[in-house]
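First comes the structure, then the notes that go with it.
What follows is calculated from the coordinates using simple rules that are stated; it is not laboratory data. The structure displayed is predicted, hence computed values, not measured ones. Every residue, glycine as well, gets a Cβ built from its backbone with ideal geometry; the counts of neighbours run over all protein chains shown.
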Amino acid sequence: MLLIGATILLGVLLATIGQVYQTGADAFELFVIWSLLALPWVLAGRSAAHWLVWVAVAATAAGLTAAQAWVPMGWLHDDDGALPVGLVLALALAGREAAARRGLGWLQPAWSRQILVFAMLVALFAGGIGYVLGWSDGIMSTAGFVAVVAVAAFWFRRLAPDFAALAQILFFAALLAMAAGFRLILESFDSPWRDEASILALFILSAAWFIAMTGALGLALRRLRRSMGGAA
């Protein structure tokens, strides 16, 4: 608990120094330095909660670095700004899985896995949904989401069976499929908002697609639950 408090206060200290002495450092530099300086404490503390606090700092550092450095320099598209956050969380999840399989007890609690899976999926989905709906050009985020979901689904189905993690993965995959279907339905109309009949047809087709995907998700989860038995 003291090391967790020290890690948080380290960030406060760095922010205070930056404000008092006007170092000119960008926000992403603060979080990068914060994560690097706090890492030895995380390894010494051997606490899953402390490690998740550090992962949150590292993911924030990645997001700010993308927004304040990589996007302005042209290394990353503006619409893919959330991708580094999702990839950092994916790497953290991979590290957690590797450490747990090697018997590192303090990283084995199941709740640490579920939190990382959820945070990773939210970050990648937030970047990928815009391209699917045609709101952005962030194709890398969509590709990253699909790739990570495929790998994670294989891992938690075959190598480290976990129904809760798979349920989260299938839920977000279904949401992306719903968005893709809605866009295809929308583009099938020449002018969907021109009259009441077109709007009604769009609404009925979209509702039918959403209901079908929801039913498919429920059926998949039911079968998965039966096949996996008591897997946590």
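Some notes on this structure:
- P(r) of the stretch 1-96 over all Cα-Cα pairs, binned every 5 Å from zero, in whole percent: 2, 14, 21, 21, 18, 14, 7, 2, 0
- In the stretch 1-107, a dipole from Cβ-located charges (positive for Lys and Arg, negative for Asp and Glu) runs towards its positive end, and of Phe28, Val12, Trp41 it is Trp41 whose Cα lies farthest in that direction.
- Its Cα centre serving as origin, the chain has a Cβ charge dipole (Lys and Arg +1, Asp and Glu -1) of approximately 1380 debye.
- More than 19 Å apart - percent of Cα-Cα pairs taken over the stretch 64-168: 46
- Dipole of the stretch 105-232 computed with +1 at Lys/Arg Cβ and -1 at Asp/Glu Cβ about the Cα centre; of Phe182, Ala126, Ser136, farthest Cα towards the positive end is Ala126.
- Mean-position separation - Cα centroids, the stretch 174-227 and the stretch 1-45, in angstrom: 46
- Backbone N atoms of the stretch 110-127 closer than 19 Å to the 7 Å Cα→Cβ label point of Val71 belong to residues 122-127.
- Fully extended contour minus Cα-Cα distance, from Ser191 to Gln114, at 0.36 nm per residue: 23.4 nm
- Burial ranking of peptide ranges 116-124, 88-96 (average Cβ count within 10 Å, highest at the top): 116-124, 88-96
- For the stretch 89-226, a crude dipole built from +1 on the beta carbon of Lys and Arg and -1 on the beta carbon of Asp and Glu, taken about the Cα centre, is about 980 debye to the nearest 20.
- Amide H contacts under 5 Å for Ser136, placed H, 5+ residues apart: Tyr131
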